[in-house]
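Structure first, then comments.
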Amino acid sequence: MDSNPISPKKDFIEPKIDRIIKRDGKIVAFNKTKITDAIYKAAIEVGGTDRQMAEKLSNKVSAIINTLYLKGSIPAVEEIQDIVEKVLVEEGHYKTAKAFILYRAEHARLRQKKDSQIIVEDNIPYKILWRVYTWNVDHSCHTIENLGKHIKNRTFEKLVKASEKVYHDEVNKVSERILKARNKIKLVIVAGPSSSGKTTTTMKIGERLKDKGISFVLLNVDNYFKNLEEHPMDEYGDYDYETPHALDLPLINEHLDRLVNGKAIDMPVYDFKTGKRKKETKRFKLKSGQVLLIDSLHGLYPDMTSSLPHDAKFKFYIESLCQIKDSVGEFVRWADLRMLRRMVRDSWYRAYNPKRTVGHWHYVRRSEKKNIVPFINKVDYIFNGALAYELPVYKKHLFKYFPSIIKEYKDDPKKLDAYIRAKRVFDLLKSTPELNDDSCIPENSLVREFIGGSIYKY
């Protein structure tokens, strides 16, 4: 924070208000922690590192709120932010105040830009999201509360079956699209952000193609990761698996070109536990009439498949379009659902502590926005990889880890993003019912890719 001292009470000050009005008119719960986080984030922008100071300033904001509003009042979010600016300036934190003001202005600009478009988050067309949300409403699973009712009323297994059916119907639709263009397509690209369900969906598409007489070869691009010591590393010493440049792009293109021209390749085999390629390789080639299928976080990245002509590729994008509202009426963030998936999977398959997954997630989102989202409008098909019943499943596996994760990251300014995300997801899971028995989830379910027990080998 700025160096000027302040003298508010150190004790926690409970605001009289418990709700606020958002800019879209929605009334949501008031959360004092968000004020602290906003002040702290602004302070970090100008070199501050003192979270306790942010909490003291937040208490000062609460004290002013209590003098301005009667108990039960519902102020607008802009009014609260005005008070934050006032406190920062009056207490001498001018640099932090400037950073906070610039933050508000930038978000206002982004909202204005978003309101002028017909698309929503991450370039997904609104009509696709509306279709998903309508299905959830029709099946009474559009809120966390309703998921709890399914568990209580013993209708959860019925919801699982319905969710699995709509997912597998979508797999069939994609497969039919590919079959219609079977004479031209040499490569099918299943792309999407981390833990969106690319791998399982890729395998299922392959099954459908095989059922229709189309032979298919899977090229696992994860095997083309460079050895760990060659990966980009940040100032914290973390390796970045999420950038496309962690992959050997020239070798991928060389192998794609060879395969579609009937030549054999020696595909590398990557060991995630050692962070290196194994000595042995896997040799294979495409036969006449076969289709090459790959799934990759960066499948839409142009340099990934630049060696092949456009009409020889079918681009298929998958995202976990979770259209479920939490306990305060906000839609669950897609990236938060995917992080929960990855936390479980990483602990099962890659021996990662869940805390490490949360701390690493800033790489995931940064890379998605840079290397995936800009190319979504070039795809041939957008697929929903979320299943409506998932959240109660992950609570069983992960809820116990979040208190220690939050404690670990709370006072580390370099991990503010991880702290805010962990706190948000912890609050989500607190209101989420827990599914103790997951035996109702089929062995061929996409969810099994993350919790284990799948018929597929990953």
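The values are calculated or read from the model by the stated rules, or taken from the named source; none is laboratory data. Because the structure is a prediction, the values reported are computed rather than measured. Quick reminder, even Gly has a Cβ in these numbers, built from the backbone with ideal geometry, and neighbours come from all protein chains shown.
Values as computed for the structure displayed
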quantity: Pick from region 234-271, criterion crowded, with 16+ Cβ neighbours inside 10 Å and in a loop (DSSP other than H, G, I, E, B), ranking: modelled with the highest pLDDT; calculated: Asp248
quantity: Residues located in region 273-311, provided they are in contact with a strand residue (DSSP E or B) (Cβ under 8 Å, 6 or more places away or on another chain) and in a loop (DSSP other than H, G, I, E, B); calculated: Gly275, Lys285, Leu286, Gln290, Leu297, His298, Gly299, Leu300, Thr305, Leu308
quantity: Selection count, region 321-338, where residues are closer than 19 Å to Pro374 by Cβ and assigned to a loop (DSSP other than H, G, I, E, B); calculated: 1
quantity: Set Pro413, Pro442: member being farther than 30 Å from Gly148 by Cα and either over 20 Å from the mean Cα position of the chain (by Cα) or outside the structural domain of Tyr167 (by TED's automatic domain parsing) (or both); calculated: Pro413
quantity: Search result, residues across region 90-119 that are at pLDDT below 70, surrounded by 11 or more Cβ atoms within 10 Å (Cβ to Cβ) and not in a helix (DSSP H, G or I); calculated: Ile119
quantity: Close pairs from region 298-318: first closer than 16 Å to Thr201 by Cα, partner assigned to a strand (DSSP E or B) and of a type in the set (S, T, N, Q), Cβ under 9 Å, at least 6 apart; calculated: Ile318/Asn384
quantity: Residues within region 136-151 that are part of a helix (DSSP H, G or I) and touching a residue at least 60 places away in the same chain (Cβ under 8 Å), tallied; calculated: 7
quantity: Residue in region 222-233 that is assigned to a strand (DSSP E or B), touching a strand residue (DSSP E or B) at 6+ places or on another chain (Cβ under 8 Å) and among the acidic types (Asp, Glu) present; calculated: no
quantity: Of all residues making up region 40-61, the number that are of a type outside the set (Lys, Arg), in contact with a helix residue (DSSP H, G or I) (Cβ under 6 Å, 6 or more places away or on another chain) and over 24 Å from Asp326 (Cβ atoms); calculated: 10
quantity: So Glu55, is it assigned to a helix (DSSP H, G or I) and under 24 Å from Glu330 (Cα atoms); calculated: no
quantity: Residue within region 62-70 that is part of a loop (DSSP other than H, G, I, E, B), assigned by TED's automatic domain parsing to the domain that holds Tyr103, closer than 23 Å to Asp427 by Cα and at pLDDT 85 or above present; calculated: no
quantity: Criterion (among the small types (Gly, Ala, Ser), under 25 Å from Lys173 (Cβ atoms), modelled with pLDDT under 95 and surrounded by fewer than 22 Cβ atoms within 10 Å (Cβ to Cβ)) met by exactly one of Gly329, Gly299, Gly289, Gly275; calculated: Gly289
quantity: Number of the condition not met by His362 [criteria: (1) surrounded by 17 or more Cβ atoms within 10 Å (Cβ to Cβ); (2) farther than 29 Å from Tyr301 by Cα]; calculated: (2)
quantity: Residues (in a loop (DSSP other than H, G, I, E, B) and either of a type in the set (A, V, I, L, M, F, W, C) or modelled with pLDDT under 80 (or both)) located in region 350-367; calculated: Arg350, Ala351, Tyr352
quantity: Answer residue from region 152-168, given it is within 13 Å of Trp135 (Cα to Cα) and over 22 Å from the mean Cα position of the chain (by Cα) and is surrounded by the most Cβ atoms within 10 Å (Cβ to Cβ) among those; calculated: Leu159
